[in-house]
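The structure appears right after this line, and notes come after that.
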Amino acid sequence: MSGQEAALYPLRLSVTARPLVFGGHAIARRLGKRGLPDWSVAETWECSDVPGSRSVVTNGPLAGRTVHHVLADHSEALMGTGWSGECFPLLTKFIDAAGTLPVHLHADDEAARRLEGQPNGKTEAWHILEAAPGATALCGVRKGVTADRLRAALEAQDFDAVLRRLPVRAGETLYVPGGTPHSFGPDTLVYEIEQTSDIQQHAMRWNMEDGSPVDEEEFRANLDMLMRQVDLESRPECSPGLSIAVGDGVERVFLCAGPYFALERWRAGTAEPLRHSFATAQILSNVGAPVRVRTGTWSEELGRAETLLLPAACREVEITGPADVLFGHLPDLDRDVRAPLLAAGYPLPLLRRFIAAPT
């Protein structure tokens, strides 16, 4: 290991809890996340380099440093050989949609640069952790709906007339490209991975921070910008993912993959530990019981709904089961996604449909 690599180790990060109006108490009470305030929590930002909400390292020699500073000082050790960029590229959250999220969209890369003055847009994916029977999500514009009809329905707040309502079930994942109008909830608990960005355009007549009304001038300005960014052809579908066996009682499920991120869910019993080798930073979030995480000489417990940022320099991790964890990362699609799935016997045409194209 070089001196730069040796400086890095699994990073525990500060968490930002956001009290938006659709939140509840499921992240603490059902997932078991500790340290949250008593008030309703809509989102916990687990790993973030968004300005104003940057995660701070809370353990080891780098404690007190933001993810942004760690990246600046240890870019290749954190992200892997050949990587370059100004910010950590991934944002992850737990979201408690006890109520219904506002109908909104995020710009794609092109619209973000042209209309928002931002370096990138926000494609995201939702992995459904829990959903009540009959739970649904709005995602994408119905086929045949014109821009004029969409605008009129949004003005009337008649969302089901123009947007697709999809059933959602625990274990499914929905990859949502930038430009796709969407909402989910109520009674839905989600793990979200996305590009690092907080840009969004809302179609609601109320503010998601406190439920206060949006005045008519602001509402119409919001719709103007939303209509300039909407993709009328984006119609995502829920996916159960692609599963491969990687050991005795160890299952690896590719939940989604594309140029901006990949998300995997790994489960292991007690016959053998979960072992994962990697060449790029991994956001490890525990969605099951507490587990023991080992990499090199580092070994600690990762509690329920806790997150670790594993630098690329760690290269491999071992987790003692029973385990149920998520790995989010910026993939080399050929090396990290196509190769293991092809080796497991999945046909190339299926992988072409599964792996998302850039927006």
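The values are calculated or read from the model by the stated rules, or taken from the named source; none is laboratory data. On a predicted model such as this, the values are computed, not experimentally measured, just so you know. Quick reminder, even Gly has a Cβ in these numbers, built from the backbone with ideal geometry, and neighbours come from all protein chains shown. Remember, those area values only see protein heavy atoms, side chains included, never the ligands or the DNA or RNA. Shrake-Rupley method; radii C 1.70, N 1.55, O 1.52, S 1.80 Å.
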Going through VAL317, VAL287 one at a time, which residue ends up being in contact with a Phe, Trp or Tyr (Cβ under 9 Å, 6 or more places away or on another chain), surrounded by fewer than 22 Cβ atoms within 10 Å (Cβ to Cβ), under 18 Å from VAL250 (Cβ atoms) and at pLDDT 95 or above?
VAL287
Scan (1) at positive phi; (2) touching a helix residue (DSSP H, G or I) at 6+ places or on another chain (Cβ under 9 Å) for the single condition TRP298 breaks and write down its number.
(1)
Number of the exception - LEU36 against (1) touching a strand residue (DSSP E or B) at 6+ places or on another chain (Cβ under 8 Å); (2) in contact (Cβ under 8 Å) with a residue 40 or more places away in the chain; (3) in a loop (DSSP other than H, G, I, E, B)
(2)
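Give the residue that is surrounded by the fewest Cβ atoms within 10 Å (Cβ to Cβ), with candidates limited to residues of segment 4-33 that are among the charged types (D, E, K, R) and more than 18 Å from the chain's Cα centre (by Cα).
Within segment 4-33, the subset among the charged types (D, E, K, R) is 5, 12, 18, 29-30, 33.
If we keep only those that are more than 18 Å from the chain's Cα centre (by Cα) too, we end up with 5, 29-30.
Values: GLU5: 16, ARG29: 11, ARG30: 15.
The qualifying residue surrounded by the fewest Cβ atoms within 10 Å (Cβ to Cβ) is ARG29.
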Output the qualifying pairs, or none if there are none: Cβ atoms under 8 angstrom, residues six or more apart or on different chains, first residue in segment 84-106 and more than 15 Å from VAL15 (Cβ to Cβ) and among the β-branched types (Val, Ile, Thr), second residue part of a loop (DSSP other than H, G, I, E, B) and open to solvent by less than 10 Å² (accessible area, probe 1.4 Å).
THR100/PHE22; THR100/GLY185; VAL103/PRO181; VAL103/ALA203
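Tell me the residue from THR66, THR81 that is out of contact with any Phe, Trp or Tyr (no Cβ under 9 Å at 6 or more places or on another chain), open to solvent by 10 Å² or more (accessible area, probe 1.4 Å) and within 15 Å of PRO10 (Cα to Cα), please.
Values: THR81 fails: within 15 Å of PRO10 (Cα to Cα).
Being out of contact with any Phe, Trp or Tyr (no Cβ under 9 Å at 6 or more places or on another chain), open to solvent by 10 Å² or more (accessible area, probe 1.4 Å) and within 15 Å of PRO10 (Cα to Cα) holds for just one of THR66, THR81, which is THR66.
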Has segment 259-268 got at least one residue that is open to solvent by less than 20 Å² (accessible area, probe 1.4 Å), within 28 Å of LEU11 (Cα to Cα) and either among the basic types (Lys, Arg) or outside any strand (DSSP E or B) (or both)?
yes
Could you tell me how many of the residues in segment 187-211 are open to solvent by less than 60 Å² (accessible area, probe 1.4 Å) and not in a loop (DSSP other than H, G, I, E, B)?
10
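Table: residues versus (1) surrounded by 20 or more Cβ atoms within 10 Å (Cβ to Cβ); (2) within 21 Å of the chain's Cα centre (by Cα).
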| site | (1), (2) |
| --- | --- |
| SER243 | no, yes |
| VAL246 | no, no |
| LEU255 | yes, yes |
| PRO311 | yes, yes |
In this structure, is ARG294 farther than 28 Å from CYS238 by Cα, charged (D, E, K, R) and either in contact with an Asp or Glu (Cβ under 6 Å, 6 or more places away or on another chain) or outside any strand (DSSP E or B) (or both)?
yes
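Looking only at segment 212-241, which residues are over 20 Å from LEU263 (Cβ atoms), small (Gly, Ala, Ser) and either touching a His at 6+ places or on another chain (Cβ under 6 Å) or surrounded by 12 or more Cβ atoms within 10 Å (Cβ to Cβ) (or both)? Explain how you work it out, then say what you get.
Kept after step one, since they are over 20 Å from LEU263 (Cβ atoms), are these residues of segment 212-241: 212-233, 235.
From what's left, small (Gly, Ala, Ser): 212, 221.
Hit for segment 212-241 is ALA221, nothing else.
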Go through segment 297-341 and count every residue that is in contact with a Cys (Cβ under 7 Å, 6 or more places away or on another chain) and either β-branched (Val, Ile, Thr) or not in a strand (DSSP E or B) (or both).
1
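Any residue that is surrounded by fewer than 17 Cβ atoms within 10 Å (Cβ to Cβ), hydrophobic (A, V, I, L, M, F, W, C) and in contact with a helix residue (DSSP H, G or I) (Cβ under 7 Å, 6 or more places away or on another chain) - is there at least one of those in segment 131-154?
First pass over segment 131-154, keeping only residues surrounded by fewer than 17 Cβ atoms within 10 Å (Cβ to Cβ): 132-134, 142-149, 152.
Within this subset, residues satisfying the condition of being hydrophobic (A, V, I, L, M, F, W, C) are 132, 145, 147, 152.
Checking the rest, the ones that are also in contact with a helix residue (DSSP H, G or I) (Cβ under 7 Å, 6 or more places away or on another chain) come to 147.
Scanning segment 131-154, I find at least one residue that is surrounded by fewer than 17 Cβ atoms within 10 Å (Cβ to Cβ), hydrophobic (A, V, I, L, M, F, W, C) and in contact with a helix residue (DSSP H, G or I) (Cβ under 7 Å, 6 or more places away or on another chain), so the answer is yes.
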Within segment 157-182, can you find the residues that are open to solvent by 20 Å² or more (accessible area, probe 1.4 Å), more than 19 Å from TRP206 (Cβ to Cβ) and not in a strand (DSSP E or B)?
ALA161, ARG169, ALA170, GLY171, GLU172, PRO177
Quick check on my filter: what residues within segment 34-56 are more than 22 Å from GLN195 (Cβ to Cβ) and open to solvent by less than 80 Å² (accessible area, probe 1.4 Å)?
LEU36, PRO37, SER40, VAL41
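Please find, among THR307, THR295, the residue that is open to solvent by less than 20 Å² (accessible area, probe 1.4 Å) and over 20 Å from the mean Cα position of the chain (by Cα). Walk me through how you get there before you give the answer.
Details: THR307 fails: over 20 Å from the mean Cα position of the chain (by Cα).
Only one candidate passes the filter, namely THR295.
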